[in-house]
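Chemist: First the structure, which I've put down as structure tokens, then a few questions once you've had a look.
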Amino acid sequence: MTAPGSAVDVAVRDFQAQPLPRWQRAVLKVGSSLLACGSNPVDSDQPDAAGLDPRHAAGLARFIAQARAQQREVVLVSSGAVAAGRGRIGAGGDSLVLRQALASLGQASLMGFWQQLSDRPVAQVLLTHDDLRNRRRYLNARATLRELLRLGALPIINENDAVAVDELKLGDNDNLAAAVASLVDADLLLIATDIGGLYSAHPQRDPDARAINRVERITPELLQAASGGAGKLGTGGMRTKLEAAAKATAAGIPTALFCGRNEAVVQALGEGQLHGTLVLAQGDRLRARKQWLRHAPSSGRLLVDDGAVAALHRQGASLLPGGVVAVEGDFRRGDVIEVVSSTATAEPFARGLAQYSAMEIGRIARRHSNDIEAVLGFRYGESVIHRDDLVLLVTADGNSEVKP
């Protein structure tokens, strides 16, 4: 890579077009380098008064709108709150507590910035590592994001800097984006950068540096090489992007790194073409998740009728409260539970994450899903185990589905 102003040219010149993996839901991460005023001195005509420049964000917003028109869903992980806050009050310094305060000042401006560029309502979601580590809060966050997508909104996620402390911070929005990709069961993680992608060496310092179009696996050697310094890969921040890609691809989610400053590159994404680096997924996303569900410790079980047994064996079915006959154990929302036929063998034929506690399911058992809110006074959803959180252990003909 040469100077930032010419990154627009080298992104297409260096990186050959390749097809994006098939996707229906993607997480798009946009960093401060693409949003903050002064981050790109070239042609920054109309900077936002709060420290944000729409020059590059507008193209990314058009990509999101195009994806929506194609019946696809995008969750946006956006940096820029600290830059927006700094732009409002002009504060210098870089201490943790100042950055937390600036993030609080800038969040409203950041949401307004994206709303001006979006053709649909935007919704702010602030997360910390603790939200994703706690199973109940994890489910709550995922249910909220799933509902926002159903409503046609654009979820915009950022780390909750105002309350996060060092040991709870996710560390950077690249790694946050990888965690969110797993949270929402995304098919693809897109990371918009200010360079074309990954290189074999630092392109400013090594004339023999070559663009890397595809990476089979993120290795420790690759991460070490991306740490910076003479002869190393890329520029500052590439290591965290590769760390994020390693986490996402380990969960079965391919990751694409591309130049968010290049209008042609961004436009090509909407046409299914990537000019950048594609990091391949390590195995199947759903298989990895279901393998965890098969082996995680269970906290209780549900006995279900023959109609529920038949429904769960149909692809894509969730377990509804009407099919529950009895509840065993004292589990809480988010715990792994087993599903057992009330009329056949006592061995579980399915496992999944409880959307309600044992006491709550006991109250709504045999009821229609429409009655949940009337009985409990609230509603997390229509199912007691959602189909995305359920794995079958035995097929309809009684054979085991457990794979080695």
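Chemist: Could you list, in sequence order, the residues of the stretch 179-192 that are open to solvent by less than 10 Å² (accessible area, probe 1.4 Å) and closer than 14 Å to Leu242 by Cα?
Modeler: Here is the first cut: in the stretch 179-192, the ones open to solvent by less than 10 Å² (accessible area, probe 1.4 Å) are 180-181, 183-184, 186, 188-192.
Once the filter is applied, which keeps residues that are open to solvent by less than 10 Å² (accessible area, probe 1.4 Å) and closer than 14 Å to Leu242 by Cα, the stretch 179-192 yields Leu189, Leu190, Ile191, Ala192.
Chemist: Six or more apart or on different chains, Cβ under 8 Å: which pairs go from a residue in the stretch 221-246 that's over 18 Å from Asp194 (Cα atoms) and open to solvent by less than 50 Å² (accessible area, probe 1.4 Å) to one that's part of a loop (DSSP other than H, G, I, E, B) and at pLDDT 80 or above? Could you list them?
Modeler: Partner pairs satisfying both residue conditions: Ala246/Ile218.
Chemist: So, one more: If I ask for residues that are buried (at least 16 other Cβ atoms within 10 Å of the Cβ) and among the hydrophobic types (A, V, I, L, M, F, W, C), which ones from the stretch 82-96 would you list?
Modeler: Result: Val82, Ala83, Ala84.
Chemist: Just to be sure before I move on: is Arg289 open to solvent by 30 Å² or more (accessible area, probe 1.4 Å) and basic (Lys, Arg) in the structure I sent?
Modeler: Yes.
Chemist: Hey, can you tell me all the residues within the stretch 245-274 that are closer than 16 Å to Leu34 by Cβ and of a type outside the set (Val, Ile, Thr)? Outline the logic, then answer.
Modeler: As a first pass, look at the stretch 245-274 and keep what is closer than 16 Å to Leu34 by Cβ: 256-267, 269.
Listed by number, the residues that qualify are Ala256, Leu257, Phe258, Cys259, Gly260, Arg261, Asn262, Glu263, Ala264, Gln267, Leu269.
Chemist: Which members of the stretch 250-269 meet the condition of being of a type in the set (Val, Ile, Thr) and either open to solvent by 10 Å² or more (accessible area, probe 1.4 Å) or out of contact with any Lys or Arg (no Cβ under 9 Å at 6 or more places or on another chain) (or both)? Please lay out each step first, then the result.
Modeler: Filtering the stretch 250-269 for residues of a type in the set (Val, Ile, Thr) gives 253, 255, 265-266.
Across the stretch 250-269, the qualifying residue is only Val265.
Chemist: Based on this model, can you work out whether Leu176 counts as open to solvent by less than 30 Å² (accessible area, probe 1.4 Å), hydrophobic (A, V, I, L, M, F, W, C), touching a strand residue (DSSP E or B) at 6+ places or on another chain (Cβ under 6 Å) and assigned to a helix (DSSP H, G or I)?
Modeler: On the way: open to solvent by less than 30 Å² (accessible area, probe 1.4 Å): yes; hydrophobic (A, V, I, L, M, F, W, C): yes; touching a strand residue (DSSP E or B) at 6+ places or on another chain (Cβ under 6 Å): yes; assigned to a helix (DSSP H, G or I): yes.
For Leu176, the condition - open to solvent by less than 30 Å² (accessible area, probe 1.4 Å), hydrophobic (A, V, I, L, M, F, W, C), touching a strand residue (DSSP E or B) at 6+ places or on another chain (Cβ under 6 Å) and assigned to a helix (DSSP H, G or I) - is met.
Chemist: Quick one: is Phe331 surrounded by 20 or more Cβ atoms within 10 Å (Cβ to Cβ), touching a His at 6+ places or on another chain (Cβ under 9 Å) and in contact (Cβ under 8 Å) with a residue 24 or more places away in the chain?
Modeler: Working: surrounded by 20 or more Cβ atoms within 10 Å (Cβ to Cβ): yes; touching a His at 6+ places or on another chain (Cβ under 9 Å): no; in contact (Cβ under 8 Å) with a residue 24 or more places away in the chain: yes.
No, not satisfied.
Chemist: Also, quick follow-up: Ser357 versus (1) surrounded by 18 or more Cβ atoms within 10 Å (Cβ to Cβ); (2) without any contact (Cβ under 8 Å) to a residue 40 or more places away in the chain; (3) touching a strand residue (DSSP E or B) at 6+ places or on another chain (Cβ under 7 Å): which is the lone unmet condition?
Modeler: Of everything listed in (1) surrounded by 18 or more Cβ atoms within 10 Å (Cβ to Cβ); (2) without any contact (Cβ under 8 Å) to a residue 40 or more places away in the chain; (3) touching a strand residue (DSSP E or B) at 6+ places or on another chain (Cβ under 7 Å), Ser357 misses just condition (3).
Chemist: Consider Leu280 against the criteria (1) under 24 Å from the mean Cα position of the chain (by Cα); (2) open to solvent by less than 20 Å² (accessible area, probe 1.4 Å); (3) of a type in the set (A, V, I, L, M): it satisfies all of them except one. Which criterion is unmet?
Modeler: (2) is the only condition that Leu280 fails.
Chemist: Specify the residue that is nearest to Ala246 (Cα to Cα); the eligible residues are those in the stretch 193-215 that are open to solvent by 100 Å² or more (accessible area, probe 1.4 Å) and either outside any strand (DSSP E or B) or among the small types (Gly, Ala, Ser) (or both). Quick ask: steps written out before the conclusion?
Modeler: Of the stretch 193-215, the ones open to solvent by 100 Å² or more (accessible area, probe 1.4 Å) are 204-205, 207-208, 210, 214.
Cutting the leftovers down to either outside any strand (DSSP E or B) or among the small types (Gly, Ala, Ser) (or both) gives us 204-205, 207-208, 210.
Values: Gln204: 25, Arg205: 26, Pro207: 28, Asp208: 26, Arg210: 21 Å.
Only one residue tops the list, namely Arg210.
Chemist: Does Leu127 meet the test of being under 20 Å from Ala177 (Cβ atoms), without any contact (Cβ under 8 Å) to a residue 60 or more places away in the chain, open to solvent by less than 20 Å² (accessible area, probe 1.4 Å) and in contact with a Leu (Cβ under 9 Å, 6 or more places away or on another chain)? Let's see the steps before the verdict.
Modeler: On the way: under 20 Å from Ala177 (Cβ atoms): yes; without any contact (Cβ under 8 Å) to a residue 60 or more places away in the chain: yes; open to solvent by less than 20 Å² (accessible area, probe 1.4 Å): yes; in contact with a Leu (Cβ under 9 Å, 6 or more places away or on another chain): yes.
Yes.
Chemist: Now a separate question. Out of everything in the stretch 53-81 that is in contact (Cβ under 8 Å) with a residue 60 or more places away in the chain and more than 21 Å from the chain's Cα centre (by Cα), what residue ends up being least open to solvent (accessible area, probe 1.4 Å)?
Modeler: For the stretch 53-81, the residue satisfying everything is His56.
Chemist: Do you know which of the residues in the stretch 130-162 that are in contact with a helix residue (DSSP H, G or I) (Cβ under 6 Å, 6 or more places away or on another chain) and of a type in the set (Gly, Ala, Ser) is surrounded by the most Cβ atoms within 10 Å (Cβ to Cβ)?
Modeler: Filtering the stretch 130-162 for residues that are in contact with a helix residue (DSSP H, G or I) (Cβ under 6 Å, 6 or more places away or on another chain) and of a type in the set (Gly, Ala, Ser), the one surrounded by the most Cβ atoms within 10 Å (Cβ to Cβ) comes out as Ala141.
Chemist: Pull out all pairs, ordered by first then second residue, where Cβ-Cβ is under 7 Å, the residues are six or more apart or on different chains, the first lies in the stretch 259-284 and is of a type in the set (D, E, K, R), and the second is open to solvent by 10 Å² or more (accessible area, probe 1.4 Å) and not in a loop (DSSP other than H, G, I, E, B).
Modeler: Here the result reads Arg261/Val8; Arg261/His56; Glu263/Gly59, each pair linking the stretch 259-284 to a residue that is open to solvent by 10 Å² or more (accessible area, probe 1.4 Å) and not in a loop (DSSP other than H, G, I, E, B).
Chemist: Take the stretch 275-333 and flag every residue that is at pLDDT 85 or above, out of contact with any Lys or Arg (no Cβ under 7 Å at 6 or more places or on another chain), among the small types (Gly, Ala, Ser) and farther than 30 Å from Ile191 by Cα.
Modeler: Result: Ser299, Gly300, Gly307, Ala308, Ala310, Ala311, Gly323, Ala326.
Chemist: Right, another one. Looking at (1) at pLDDT below 95; (2) surrounded by 24 or more Cβ atoms within 10 Å (Cβ to Cβ); (3) within 23 Å of the chain's Cα centre (by Cα); (4) not β-branched (Val, Ile, Thr), which one does Ala36 not meet, given that it meets all the others?
Modeler: Only one criterion is unmet by Ala36, namely (2).
Chemist: Mind listing just one residue for me: the one in the stretch 100-112 that is farther than 24 Å from Leu151 by Cβ and in contact with a Lys or Arg (Cβ under 9 Å, 6 or more places away or on another chain) and, of those, most open to solvent (accessible area, probe 1.4 Å)? First the steps, then the outcome.
Modeler: Restricting attention to the stretch 100-112, the residues satisfying the condition of being farther than 24 Å from Leu151 by Cβ are 100-106.
Retained after the next criterion (residues that are in contact with a Lys or Arg (Cβ under 9 Å, 6 or more places away or on another chain)): 102, 105-106.
On the way: Leu102: 1, Leu105: 63, Gly106: 0 Å².
Checked the stretch 100-112; the qualifying residue most open to solvent (accessible area, probe 1.4 Å) is Leu105.
The values are calculated or read from the model by the stated rules, or taken from the named source; none is laboratory data. Remember, predicted model here, so these are calculated numbers, not experimental data. So basically every Cβ, Gly included, is an ideal-geometry build from the backbone, and we count neighbours across all protein chains shown. Please note that ligands, DNA and RNA were not included when accessible areas were found on the heavy atoms of the full protein model with its side chains. Shrake-Rupley method; radii C 1.70, N 1.55, O 1.52, S 1.80 Å.
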